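To start, the structure itself, in structure tokens.
The values are calculated or read from the model by the stated rules, or taken from the named source; none is laboratory data. The model shown is predicted, which means the values in this text are computed figures rather than measured ones. All Cβ positions, even for glycine, are placed from backbone atoms using ideal geometry, and neighbour counts span all protein chains on display. What goes into the accessible areas is simple: the full protein's heavy atoms, side chains included, and nothing from ligands, DNA or RNA. Shrake-Rupley method; radii C 1.70, N 1.55, O 1.52, S 1.80 Å.
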Amino acid sequence: MLLALLALALIAFVLATPMLVRETGRRRARRRAVKAARASGFDLPLYDPGRERRAEQRARELLRSCVNAEEWDMYRDLGLIRVAGKHTRREADRGAAGPAYAYLIYAHKPIVAYVPGSGQLLSEYCVEFPDMTGGAGGGGRHRLPASDDVLAKWMALTSDEDRVIRRANMHLVGRQLDPARVRRDLWRLAEWERRRQRRREVPGGKQSAGPTAHGSGSPSE
């Protein structure tokens, strides 16, 4: 009986030896990879599931500190920001009450140009602002938090619109964004502005002394 048990144990050991060797080899390879990464200056931190959420919260606070109150409310309520264009599209646009065109800024999506008066969609401009700090993975190109991406596009358009448009990949609306979705967003924006205007009204029909809307008229529905 004892000899039989010893024989079974020996057979089991012989059968398990290849698996043990492979597992030992994998562990040694992982240790070598970690040592090589540390020797080259790259750290391998543990994954933090809350890191992206905290990064987005910091990005929202920064965005709020940079844009005006109307733009922040627009982003908070609708998830987008409108920026008025600085040029005229036609001679007839000169002297018009509002801008001849405007942009809708989305997070991680193309910038959309449209005509505020008619709601006509003009073009979408694909621009990218990667996170060049390396993020938590070390040294690579990483996508910015959503609010940082919106802020980068807002700053670029408001400081040097011509450079942004010149460097962007321009397409007709529909290449990446659904035109129906954009038109729905324009309708949501128009409704949002109407509600905002009604809230600013005081008894007696007078307007409060708050700041005026940022640079563009209401889009058509």
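Exactly one condition in (1) modelled with pLDDT under 95; (2) acidic (D, E); (3) part of a helix (DSSP H, G or I) is not met by E71; state its number.
(1)
Looking for whichever is more than 26 Å from L104 (Cβ to Cβ), at pLDDT 90 or above and either under 15 Å from the mean Cα position of the chain (by Cα) or assigned to a helix (DSSP H, G or I) (or both) here; the options are R54, R60, R76, R38. Which one fits?
Only one candidate passes the filter, namely R54.
In the range 150-165, how many are surrounded by 15 or more Cβ atoms within 10 Å (Cβ to Cβ) and within 26 Å of Q120 (Cβ to Cβ)?
Residues flagged as surrounded by 15 or more Cβ atoms within 10 Å (Cβ to Cβ) and within 26 Å of Q120 (Cβ to Cβ) within the range 150-165 amount to 9.
When you scan the range 166-184, do you find a residue that is modelled with pLDDT of 90 or more, assigned to a helix (DSSP H, G or I), over 24 Å from G119 (Cβ atoms) and open to solvent by 70 Å² or more (accessible area, probe 1.4 Å), even just one?
yes
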